[in-house]
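The values are calculated or read from the model by the stated rules, or taken from the named source; none is laboratory data. Treat the numbers as computed from the prediction; the structure is a model and nothing was measured. Backbone-built Cβ (ideal geometry, glycine too); neighbour counts: all protein chains shown. Side chains are part of the model used for accessible areas, which takes the heavy atoms of the whole protein and leaves out ligands, DNA and RNA. Shrake-Rupley method; radii C 1.70, N 1.55, O 1.52, S 1.80 Å.
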Amino acid sequence: MDIPLILSGTFGELRSNHFHSGLDIKTNQREGIEVFSSAEGYVSRIKISLWGFGKVIYITHPNGYTTVYAHLQKFSDKIEEYIKKQQYKIESFEVEVFPTENEIPISKKELIAYSGSTGGFMGPHLHFEIRDTKTEKTINPLQFGFNISDSTNPRINTIVAYALDSLSHINKLNAPTQLTITKLGNGNLITNRIFAIGKIGFGLNTFDQFDAASNQNGIYSLQVLVNGEKVHQFEAKSFSFNETNLINVLIDYERFQTLKQRIQKCFNEFSFDLSLTSFLKNGIITIEDGLTYNVEIIIKDFNGNSQKISIPITGKKDIILSKEKENITSYKIKHIEFNEFSKDFAKVAFPKNTFYNDFYLNFEVTGKIVKVHSPIVPLANNYTLTFDVSNYSEAEKNQLYIASISNNGKTNYETTIKKSNTFYTSIKKLGKFTLLFDNDKPIISLFNFKNEQWVSNHTNLKVKISDRESGIKSFRGEIDGKWILMEFDVTTNILTYNLKDISYSEAKHNLKIVVIDNVGNLNTLESTFYRKK
Ligand SMILES: [Zn+2]
């Protein structure tokens with residue numbers, strides 16, 4: 001882009017359920033900034049989706065790399081023309097195509113798109129990635145020689161010590177213990193001395209800032225040394241997309257769910273393999289009675305600015321004052337086995353390896369609410385939650401759906417599969433669930449024109465759609481009985497039809513919008529508009 005390169009997100013940054021797979025480049029808080037290809041190649045993939053990357057282009061280069069440009073507002077004319085043809089062919093706004101090498105060649109610095117904010121609620125920016133074309137591993141673009149000025153050290157906000165088995169303790173506690181941080185004269189940090197025994201580990205909350213922006217970004221690397229020996233390293237160089245869910249076991253997931261603070265653990269309780277990390281003995285430190293240890297953690301940003309923290313430890317056997325509370329109304333999960341439990345009208349089935357570890361699962365039914373533990377345990381895979389609905393009439397069943405209930409009481413539709421007397425959902429989160437009714441049709445209203453209006457001076461027609469209960473499942477727009485491309489913006493709930501898409505020979509036209517919600521309630525709006533030939 002022909003604007004200064006300022007980042008609001010770095011590669012490997014810890015995000016919700018994923019590591020950030022590229023750079024987030026600021027676009028002056030606006031959309032429509034020209035995006036140019038970083039090198040010659042060809043467009044190898046174009047995807048338009050309501051969520052995720054929104055509108056995204058992939059360019060494959062002859063040097064073995066693929067670059068990715070996401071959250072775009074629109075594509076360049078030649079790409080726009082190509083993708084619109086596909087959209088009209090399959091009659092869908094959402095689309096994904098893989099053009100072959102000769103279809104859309106791209107030269108270096110060719111205008112390919114305009115920046116936007118498509119794909120959800122994250123504000124305007126350009127998400128940029130560099131991937132290895134063959135392996136599809138994503139690579140830190142900063143390694144390719146962007147020069148972004150950064151003269152300040154990364155920061156450590158919080159450090160937590162963990163007792164990693166039932167016999168170990170830190171300052172007499174068998175529980176996560178936050179340490180006090182003091183700054184030394186030389187700029188290094190030190191914590192209070194801890195007295196511990198057994199298997200322990202550490203975790204940190206960190207961030208880094210570039211000179212030109214106040215955004216708190218991820219760090220580039222982290223190292224842990226125990227008495228000078230390296231036991232753990234994190235380096236934001238490259239990872240595979242099938243590893244990205246491991247974020248939930250690299251962080252203290254329970255603390256994140258309860259306090260919304262991400263503590264990156266320097267130990268590997270569950271022995272996972274993640275390209276971003278390496279461990280010696282899983283980064284777990286064994287403290288013996290009477291010995292002293294010095295743990296040093298060094299974090300760095302990409303430019304090499306660093307921050308060091310020392311944790312002095314004395315091995316001292318003590319009586320444990322508190323133990324982690326044990327669950328009472330619970331079911332034992334053996335994570336390498338299939339686990340299934342039923343209660344009243346609800347059933348949960350966890351396939352092998354749904355979880356990363358064994359634990360006691362809390363599973364209760366209170367009134368109409370099913371509680372499947374709480375969201376503090378990370379999941380590796382989906383499980384099935386089934387409701388027996390034999391008490392409902394056929395008419396009621398049509399309007400019924402499975403909803404999750406978040407901590408603030410908000411309900412959210414979960415993909416409900418209906419099989420006569422059982423409804424089920426395949427899901428990757430724990431917490432509260434219930435059955436709800438959606439008796440209301442979606443709402444449709446004309447947004448920038450009125451029925452029977454002349455719209456010759458309009459560039460587009462906008463229609464607002466919404467659904468109060470289960471949410472919108474699909475929409476369809478037609479003019480004079482033929483499908484038209486309507487772009488849906490999930491942040492404004494507005495459908496937009498570009499009047500230049502089709503040329504007409506008549507002045508009078510019929511616009512028809514059909515919207516269906518997630519339980520199948522359907523609404524139709526028909527209107528007439530006039531346009532000069
Ligand atoms: Zn991004």
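Take the conditions touching a strand residue (DSSP E or B) at 6+ places or on another chain (Cβ under 7 Å), surrounded by 13 or more Cβ atoms within 10 Å (Cβ to Cβ), more than 30 Å from Asn242 (Cα to Cα) and in contact (Cβ under 8 Å) with a residue 60 or more places away in the chain and apply them to Tyr401. Does it pass?
Yes.
Considering only residues that are closer than 25 Å to Ser21 by Cβ and over 25 Å from the mean Cα position of the chain (by Cα), look in the stretch 278-297 and name the one that is most open to solvent (accessible area, probe 1.4 Å).
Phe279
Among the residues of the stretch 384-404, count how many are over 19 Å from the mean Cα position of the chain (by Cα) and in a strand (DSSP E or B).
Looking only at that region, the number is 9.
Would you pick out the residues in the stretch 473-492 that are open to solvent by 50 Å² or more (accessible area, probe 1.4 Å) and closer than 21 Å to Ala403 by Cβ?
Hit for the stretch 473-492 is Lys473, nothing else.
Are any residues in the stretch 117-131 at pLDDT 95 or above, in a loop (DSSP other than H, G, I, E, B) and within 11 Å of the ligand (Cβ to nearest atom), and if so, which ones?
Once the filter is applied, which keeps residues that are at pLDDT 95 or above, in a loop (DSSP other than H, G, I, E, B) and within 11 Å of the ligand (Cβ to nearest atom), the stretch 117-131 yields nothing.
Mind checking which residues of the stretch 415-465 are open to solvent by less than 20 Å² (accessible area, probe 1.4 Å), within 25 Å of the chain's Cα centre (by Cα) and of a type in the set (Phe, Trp, Tyr)?
Phe433 - this is the single residue of the stretch 415-465 that is open to solvent by less than 20 Å² (accessible area, probe 1.4 Å), within 25 Å of the chain's Cα centre (by Cα) and of a type in the set (Phe, Trp, Tyr).
So which of Asn457, Asn381 ends up being in a loop (DSSP other than H, G, I, E, B) and closer than 24 Å to Gln257 by Cα?
Asn381
On the given criteria, is Ser8 open to solvent by 10 Å² or more (accessible area, probe 1.4 Å), in contact (Cβ under 8 Å) with a residue 40 or more places away in the chain and of a type in the set (Ser, Thr, Tyr)?
The answer is yes for Ser8.
Limited to the stretch 362-378, what total is found for residues that are open to solvent by less than 30 Å² (accessible area, probe 1.4 Å) and assigned to a loop (DSSP other than H, G, I, E, B)?
3
Within 15 Å of His18 (Cβ to Cβ), part of a loop (DSSP other than H, G, I, E, B) and of a type in the set (S, T, N, Q): which single residue out of Ser214, Ser271, Ser275 fits that description?
Ser275
To keep it simple, each residue is scored yes or no on (1) surrounded by 16 or more Cβ atoms within 10 Å (Cβ to Cβ); (2) modelled with pLDDT of 95 or more; (3) hydrophobic (A, V, I, L, M, F, W, C).
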| position | (1), (2), (3) |
| --- | --- |
| Asp467 | yes, yes, no |
| Ile513 | yes, yes, yes |
| Ile516 | yes, yes, yes |
| Gly520 | no, yes, no |
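Can you report the number of residues in the stretch 178-206 which are in a strand (DSSP E or B) and either within 19 Å of His232 (Cβ to Cβ) or open to solvent by 20 Å² or more (accessible area, probe 1.4 Å) (or both)?
Residues flagged as in a strand (DSSP E or B) and either within 19 Å of His232 (Cβ to Cβ) or open to solvent by 20 Å² or more (accessible area, probe 1.4 Å) (or both) within the stretch 178-206 amount to 19.
Testing Glu254 on (1) surrounded by 16 or more Cβ atoms within 10 Å (Cβ to Cβ); (2) of a type in the set (D, E, K, R); (3) closer than 18 Å to Ala163 by Cβ, one condition comes back false. Which one is that?
Result: Glu254 passes all but (1).
Here is a list of conditions, (1) part of a helix (DSSP H, G or I); (2) in contact (Cβ under 8 Å) with a residue 24 or more places away in the chain, and Asn282 meets all of them except one; can you say which number that is?
Looking at each condition in turn, Asn282 falls short on (2).
Within the stretch 485-493, is even one residue touching a residue at least 12 places away in the same chain (Cβ under 8 Å) and touching a helix residue (DSSP H, G or I) at 6+ places or on another chain (Cβ under 9 Å)?
yes
Among the listed residues Asn205, Asn217, Asn248, Asn242, identify the single one that is within 26 Å of Pro375 (Cα to Cα) and free of Cβ contacts under 8 Å to residues at least 40 places away in the same chain.
Among Asn205, Asn217, Asn248, Asn242, only Asn242 is within 26 Å of Pro375 (Cα to Cα) and free of Cβ contacts under 8 Å to residues at least 40 places away in the same chain.
So which residues in the stretch 333-358 are among the aromatic types (Phe, Trp, Tyr), more than 21 Å from Ile369 (Cα to Cα) and assigned to a strand (DSSP E or B), if there are any at all?
Across the stretch 333-358, the qualifying residue is only Phe355.
Please list, ordered by residue number, the strands (runs of 3 or more DSSP E) wholly in the stretch 1-115 having 3 or more residues that are out of contact with any helix residue (DSSP H, G or I) (no Cβ under 7 Å at 6 or more places or on another chain), within 16 Å of the ligand (Cβ to nearest atom) and of a type outside the set (A, V, I, L, M, F, W, C).
Counting at least 3 such residues, we get 65-75.
Answer yes or no: is there a residue in the stretch 112-134 that is touching a residue at least 24 places away in the same chain (Cβ under 8 Å), over 27 Å from the mean Cα position of the chain (by Cα) and open to solvent by 10 Å² or more (accessible area, probe 1.4 Å).
No, every residue in the stretch 112-134 fails to be touching a residue at least 24 places away in the same chain (Cβ under 8 Å), over 27 Å from the mean Cα position of the chain (by Cα) and open to solvent by 10 Å² or more (accessible area, probe 1.4 Å).
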